[in-house]
Amino acid sequence: MKAIALKKDWAYVVFFCLKEMGVLSCDVCGEEFVIGHPPHLANQRIADKQACWLETELAKDHERQKKHAERIELPDATVLSWKDSEQYKRPA
């Protein structure tokens, strides 16, 4: 199972198998999302980067006039590191 973000009202249904890493509120609508990691892979540093990524994605939803998904799969550490490095090619 990968790291995910769930709307706060849905989190109680799924989080019995995930460790809660934090809550992020959408800057535009205030909707709250809980970030969860599998317990054996829980990492606060990665969760912080995923929160930044999620913040950007939520803003894009509003630009596109699209509703936020109930469940959002979060990128792993390798993808987040690649995006921060400003490289042109995604790692294989």
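The residues neighbouring Lys2, those whose beta-carbon lies less than 9 Å from its own, together hold a net charge of -2 under the Lys/Arg +1, Asp/Glu -1 convention. Near Glu32, once Lys and Arg are set to +1 and Asp and Glu to -1 for all other residues with Cβ below 13 Å from its Cβ, the sum equals -4.
Relative contact order for segment 4-85 using alpha-carbon pairs under 8 Å, separation at least 6, rounded to a whole percent? After rounding, I find 34 percent.
The string of couplings for segment 60-76 from the Karplus curve (6.51, -1.76, 1.60, θ = phi - 60°) is 5, 4, 5, 4, 8, 6, 10, 6, 5, 5, 5, 10, 10, 6, 9, x, 7 Hz, one whole number per residue in order, with x for Gly and Pro.
The slack between Leu41 and Ala77, meaning 0.36 nm per residue of separation minus the straight C-alpha distance, is 11.9 nm.
Given the Cα-Cα distance of Val23 and Asp9 and 0.36 nm per residue of separation, how much length would full extension add, in nm?
Working: separation 14, 0.36 × 14 = 5.04 nm, distance 1.18 nm.
My answer for the length gained is 3.9 nm.
Amide H contacts for Glu31 (H built 1.01 Å from N in the peptide plane; partners 5 or more residues away or on another chain; cut-off under 5 Å): Cys26. The distance between label points at Arg64 and Asp48 comes to 2.9 nm (points 7 Å beyond Cα on the Cα→Cβ vector). Close amide H pairs (under 5 Å, H built 1.01 Å from N) link Lys19 with His37, residues at least 5 positions away or on another chain. Computed from backbone phi with θ = phi - 60° and the Karplus coefficients 6.51, -1.76 and 1.60, the 3J(HN,Hα) list for segment 4-9 is 9, 10, 10, 4, 3, 6 Hz; x is used for glycine and proline. Rg/Rh, computed from the Cα trace of segment 4-85 with Rh as the Kirkwood radius, has the value 0.96.
Where a number appears in this text, it was derived from the coordinates with a stated rule and is not lab data. Remember, predicted model here, so these are calculated numbers, not experimental data. Ideal geometry is used to build each Cβ from the backbone, glycine not excepted, and the neighbour counts take in all protein chains shown.
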